[in-house]
Amino acid sequence: MLQGIGVSPGLGIAQAVIYQQKKPVISAVKLEAEAVETEINKFKQAQAEAKQELLQIKKKVLQTAGKEKADIIEAQIMFLEDPAVADEIINLIKNGYNSAYSANQVIEAQAQMFENLPVPEMQERAVDMRDMGRRLINILLGRKEVNLSEITGDVVLIAHDLTPSDTAQLSKDKVAGIVTEVGSRTSHTAILARSLGIPAVVGIPGIVEQVGPGDLVVVDGNSGEVHVNPDQLKLNSFKKKREKLAFEQKELESLVNKEAVTANGIPVRIAANIGKLSDIIEAKKVGVREIGLFRTEFLYMDRNSLPSEEEQYRAYKQVVEAFPERVIIRTLDIGGDKELPYLKQAKELNPFLGKRAIRLTLAEKDLFKIQLRAILRASRHGNVGIMFPMIATMDELLAAKKLLEEVRAELETEGVVLTNPVEVGMMIETPAAALTADLFAKEVDFFSIGTNDLIQYTMAADRMNEQVAYLYQPTHPAITRLLEKVVQAAHAAGIWVGMCGEMAGNPQLTEHLLKLGLDELSMTRGAVLKVKQKVRQITL
């Protein structure tokens with residue numbers, strides 16, 4: 001048994017296929033002057049051929065995994081067609097170097113630039129850049145790419161890593177599981193495996209050498225366990241477990257259109273956390289009727305400039321119209337592990353304790369006002385709440401509310417009629433906010449508890465640091481007492497309180513949270529049906 005990180009749930013059982021892409025040897029060859037133009041044309045032809053291959057892969061991903069996943073391939077096409085990248089490659093060729101060497105030098109430099117950025121989302125772009133580069137260079141060298149879409153039979157794919165275009169060629173009916181030596185829950189392999197419904201485990205160094213072609217492999221995407229050549233007794237046990245998981249999944253799907261009501265008839269509000277417009281469809285699939293957290297920072301990321309007011313308005317309007325019952329929109333939460341390359345931010349020794357979220361937006365009032373204008377305009381299309389993140393002091397909350405009223409007055413002066421009332425709330429993410437919740441409750445319409453940061457700050461344990469992961473304890477008595485205090489303060493002031501952190505989506509904690517008195521649980525769409533199932537079993 002080998003232990004890795006389960007990144008895509010399910011249980012796959014099949015014979016192993018080892019997938020190893022050997023890195024091509026790329027030598028620098030000095031060109032004769034008369035060969036330069038020929039080599040430039042060779043590069044341009046390879047560029048066109050690589051684009052056609054990527055367009056075919058994108059088409060397949062669009063059909064099997066949806067637009068959001070197809071956008072991963074679209075990013076590679078954009079890199080391939082980037083005039084700045086192409087010009088650099090051509091300039092190197094003009095300096096007398098062969099096209100494969102020139103392309104490799106430029107693309108690797110670009111990839112390293114992305115890799116050195118402190119933002120995980122931007123670091124992933126290095127993978128896209130190298131994946132695109134591998135395809136282009138193989139064409140220039142006349143090497144044929146291994147076509148994973150030609151896999152026959154049911155297999156478990158074992159690899160050092162899979163690129164986005166590798167994973168995009170896979171299908172659930174041929175691949176029973178994926179295991180890689182490297183990767184994380186947010187890597188492209190993990191994202192695409194989840195969208196395709198293929199069980200996947202990443203982070204098992206040396207597995208390519210430890211498993212042979214044809215070995216029988218069991219991939220448990222829930223526990224992260226990978227079993228190689230289990231005996232017959234264990235194999236029978238895994239097969240029974242696979243049947244049970246398939247049955248449980250069907251049971252969960254039967255709950256899509258059923259209400260979240262406890263066994264003794266008490267309704268529970270279950271909402272979804274979303275970050276992108278493509279999440280609307282996924283949330284609808286599991287029967288969600290309201291959004292408890294719309295993470296607006298994703299509108300600002302993976303781009304070179306701030307989104308305009310009009311662009312933001314259209315995005316918020318689309319979500320509000322899709323979920324008329326209620327949409328809680330969190331204002332920009334940038335900082336910590338999320339940065340915007342086009343927004344000049346000073347380097348901080350500890351960015352999680354620095355100028356982030358509300359601290360940043362109050363300092364960047366013009367940026368903040370554009371977002372508030374777009375949210376208020378979108379509120380005309382449904383039931384909207386505005387939520388301020390990372391509040392620690394009353395001054396921060398009052399300053400944010402004052403700015404919101406200024407924006408409201410400006411819009412009304414411009415003739416924008418704001419007929420629908422907008423709830424104003426704040427996130428409880430700091431111990432300071434939790435311990436003074438009774439004071440804050442007089443100034444807002446609701447609280448939403450962000451447990452990811454609340455636990456991090458209470459336990460003084462960086463949630464991104466695996467060395468102190470043992471301290472990240474959602475059920476520590478200190479956390480329970482803070483939650484209890486927040487709920488009591490909210491209800492005493494006559495306002496509602498929800499939770500949008502990871503705790504809300506853990507069915508093992510559902511009864512605990514409801515008994516503390518939470519009014520709403522908001523979670524990722526993948527957790528909705530499991531939590532709903534748990535709710536229907538509980539008596540309150």
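The values are calculated or read from the model by the stated rules, or taken from the named source; none is laboratory data. Keep in mind that this is a model prediction, so the values were computed, not measured. Neighbour counts run over all protein chains shown; Cβ positions are idealised from the backbone, glycine included.
All but one of (1) part of a helix (DSSP H, G or I); (2) assigned by TED's automatic domain parsing to the domain that holds Glu511 hold for Ser237; which doesn't?
Result: Ser237 passes all but (2).
Can you tell me which of (1) of a type outside the set (Val, Ile, Thr); (2) assigned to a loop (DSSP other than H, G, I, E, B); (3) more than 24 Å from Arg125 (Cβ to Cβ) is the one Arg185 doesn't meet?
Tallying (1) of a type outside the set (Val, Ile, Thr); (2) assigned to a loop (DSSP other than H, G, I, E, B); (3) more than 24 Å from Arg125 (Cβ to Cβ), Arg185 fails exactly one: (3).
For the structure I just gave you, tell me whether Gly214 is assigned to a loop (DSSP other than H, G, I, E, B), farther than 26 Å from Asp131 by Cα, of a type outside the set (Phe, Trp, Tyr) and not assigned by TED's automatic domain parsing to the domain that holds Asp128.
Criteria met by Gly214.
For region 209-242, what are the residues that are closer than 15 Å to Tyr19 by Cα and out of contact with any strand residue (DSSP E or B) (no Cβ under 6 Å at 6 or more places or on another chain)?
If the condition is that a residue be closer than 15 Å to Tyr19 by Cα and out of contact with any strand residue (DSSP E or B) (no Cβ under 6 Å at 6 or more places or on another chain), then Glu209, Gln210, Gly212 are the ones that fit.
Tell me, which residue of region 241-262 that is among the hydrophobic types (A, V, I, L, M, F, W, C) and in contact with a helix residue (DSSP H, G or I) (Cβ under 9 Å, 6 or more places away or on another chain) is farthest from Gly12 (Cα to Cα)?
For region 241-262, the residue satisfying everything is Val261.
Counting only residues that are in a helix (DSSP H, G or I) and modelled with pLDDT under 95, which one in region 516-530 is surrounded by the fewest Cβ atoms within 10 Å (Cβ to Cβ)?
So the residue we want is Gly526.
Being assigned to a helix (DSSP H, G or I) and touching a residue at least 60 places away in the same chain (Cβ under 8 Å) is the filter here, so list the residues in region 240-264 that pass it.
Hits for region 240-264 are Lys241, Arg242, Leu245, Glu251, Leu252, Glu253.
Return yes when Arg269 is modelled with pLDDT of 95 or more and either touching a strand residue (DSSP E or B) at 6+ places or on another chain (Cβ under 9 Å) or outside the structural domain of Glu181 (by TED's automatic domain parsing) (or both) and no when it is not.
When the stated conditions are applied, Arg269 passes them.
For region 246-260, indicate whether the set of residues that are within 30 Å of Lys284 (Cα to Cα), in contact with a Leu (Cβ under 6 Å, 6 or more places away or on another chain) and not assigned by TED's automatic domain parsing to the domain that holds Ile5 is non-empty.
Looking for residues that are within 30 Å of Lys284 (Cα to Cα), in contact with a Leu (Cβ under 6 Å, 6 or more places away or on another chain) and not assigned by TED's automatic domain parsing to the domain that holds Ile5, one finds at least one in region 246-260, hence yes.
Among the residues of region 1-42, which ones are of a type in the set (A, V, I, L, M), without any contact (Cβ under 8 Å) to a residue 12 or more places away in the chain and assigned to a loop (DSSP other than H, G, I, E, B)?
Answer for region 1-42, where residues must be of a type in the set (A, V, I, L, M), without any contact (Cβ under 8 Å) to a residue 12 or more places away in the chain and assigned to a loop (DSSP other than H, G, I, E, B): just Val25.
Can you work out which of the residues in region 324-342 that are in a loop (DSSP other than H, G, I, E, B) and modelled with pLDDT under 75 is farthest from Leu454 (Cα to Cα)?
Out of the qualifying residues, it is Tyr342.
Quickly run through region 429-477 and pick out the residues that are of a type in the set (Phe, Trp, Tyr) and closer than 19 Å to Glu520 by Cβ.
Phe440, Phe446, Phe447, listed by residue number.
Identify all residues within region 301-323 that are surrounded by fewer than 20 Cβ atoms within 10 Å (Cβ to Cβ) and outside any helix (DSSP H, G or I); write none if there are none.
Within region 301-323, Met301, Asp302, Arg303, Asn304, Ser305, Leu306, Pro307, Ser308 meet the criteria.
Just need a number here: residues in region 370-384 that are buried (at least 23 other Cβ atoms within 10 Å of the Cβ) and under 18 Å from Trp496 (Cα atoms).
Of the residues in region 370-384, 1 are buried (at least 23 other Cβ atoms within 10 Å of the Cβ) and under 18 Å from Trp496 (Cα atoms).
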